[in-house]
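The values are calculated or read from the model by the stated rules, or taken from the named source; none is laboratory data. Fair warning: this is a prediction, and the values are worked out from it, not measured in the lab. Note that each Cβ is placed from the backbone with ideal geometry, even for glycine, and that neighbours are counted across all protein chains shown. Ligands, DNA and RNA are excluded from the accessible area calculation, which covers all protein heavy atoms including side chains. Shrake-Rupley method; radii C 1.70, N 1.55, O 1.52, S 1.80 Å.
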Amino acid sequence: MDPIIDLTHITKTYRSKGKSVLALKDVTLPVEKGSFTTIVGPSGCGKSTLLKIIAGISLPYQGRLNYKGREVASINTDVGFVTQDSNLFPWLTLSENVELALKIRGVSKEQRAQAAQKLIDTMQLTGFETHYPFELSGGMQKRCSIIRTLIYDPDIILMDEPFGPLDAQTRLVLQDELLRIWDTNKKTILFVTHDLTEAIALSDKVVLFTGRPGTVKRIFDVPLPRPRNVFEIHNEKGFTDLYHEIWSHFKTEIK
Ligand code: ADP
Ligand code: MG
């Protein structure tokens, strides 16, 4: 195994207003390069906290986080972070939002436009380039936030319940698109969801966390063949057994 991220004994305590909250306790998790790993666990068990630690935006913590063999002690700019809200800049058009990271890096206008258009076309957003976020549907905003992250070619993409607020059909379409992009670009994806079907449909491994303080309870391999059909995943041989197995361990963590 070649872990791109290696978490060992990660413990995180938040301190605010004189109180302390133990969010994560002794999390040890290697994430293999090129893999699709999904974390599931009860609300408040520290899933978002773990992604923030990996992105280098939740300091300090105890334990060790190695990224490509080196310790992360500040913001890790090799990591792309797709948060729960789309977080698009409302005063920028779709294209401008997508191009922003390249603009900051000083990439020429022509190159930026070319790279953005390719991704916009891949995500079926063609024709909406000059629209502002408020003129886009929730699913389109989500697509925009994903390609805005892809454009600067991060090694790892962290995704925190990215499809949470979307309707069931749009979720399936975006899951399907995400798998295609992952397959083409060979990125490492660390994904968080509360939806077990989504976790199984997308992942190589499903990591189940305990209730707070969150720690790894169990890791499940997902042996379903690829490419996967997310629209029919429940009919895939082995899906139901795996779903019930994970759920039997998950439900005991929900209080
Ligand atoms: P999850 O994403 O699994 O729902 P979080 O990582 O958001 O969980 O939160 C884990 C725990 O840490 C929760 O009890 C939450 O209230 C607490 N927490 C999260 N962020 C902060 C913060 N900035 N300050 C204090 N407590 C926090
Ligand atoms: Mg969260």
Mean separation of Cα contacts under 8 Å (at least 6 apart) over the residue count of the chain, i.e. the relative contact order in percent, is 26 percent
Please give the per residue accessible area of segment 154-243, computed with a probe of 1.4 Å over protein heavy atoms only, in Å².
43 Å²
In whole percent, how big is the carbon plus sulfur part of the accessible area of segment 1-40, probe 1.4 Å, protein atoms only?
50 percent
Please list, by residue number, every one of the trypsin sites (Lys or Arg not before Pro) in segment 143-187 that is coil in DSSP and has at most 15 other beta-carbon atoms within 10 Å.
K186
Using the charge dipole of the chain (Lys, Arg: +1 at Cβ; Asp, Glu: -1 at Cβ; taken about the Cα centre), state which of A168, T210, V230 has its Cα farthest towards the positive end.
T210
Segment 220-254: trypsin sites (Lys or Arg not before Pro) falling in loop per DSSP and having at most 12 other Cβ within 10 Å:
K237
CD proxy at 222 nm, helix term only [per DSSP H run n ≥ 4: -39500 (n - 2.57); per residue of the chain; nearest 500]:
-10000 deg cm²/dmol
At D221 and R180, where each label point lies 7 Å from the Cα along Cα→Cβ, what is the point-to-point distance in nanometres?
3.0 nm
Taking the Cα atoms only, what angle lies between the long axis of helix 239-250 and the longest principal axis of the chain, rounded to 10 degrees?
60 degrees
What share of the DSSP beta bridges in the chain is antiparallel, in percent to the nearest 5?
55 percent
Could the peptides 87-98, 150-161 be put in order, highest first, of the mean number of other beta-carbon atoms found within 10 Å of their residues?
150-161, 87-98
Per residue, how many Å² of accessible area does segment 1-149 show with a 1.4 Å probe?
51 Å²
Looks like segment 98-159, by Cα gyration tensor root eigenvalues a ≥ b ≥ c and the a/c under 1.5 rounded cutoff (else prolate when a/b is bigger than b/c, oblate otherwise), is oblate
P(r) of the chain in 5 Å steps, Cα pairs, percent per bin?
1, 6, 13, 17, 18, 16, 13, 9, 5, 1, 0
Using alpha-carbon coordinates, inclination of helix 109-122 to the longest axis of the chain, degrees
60 degrees
If I take every Cα pair under 8 Å that is 6 or more residues apart in segment 1-46, average their sequence separation and divide by the length, what percent do I get for the relative contact order?
40 percent
In degrees, nearest 10, the alpha-carbon axis of helix 138-150 is tilted away from the dominant principal axis of the alpha carbons of the chain by 90 degrees
Place a +1 charge on the Cβ of each Lys and Arg in the chain and a -1 charge on the Cβ of each Asp and Glu, then give the dipole magnitude about the Cα centre in debye, rounded to the nearest 20.
980 debye
Which percent, to the nearest 5, of DSSP beta bridges fully inside segment 133-252 are antiparallel?
50 percent
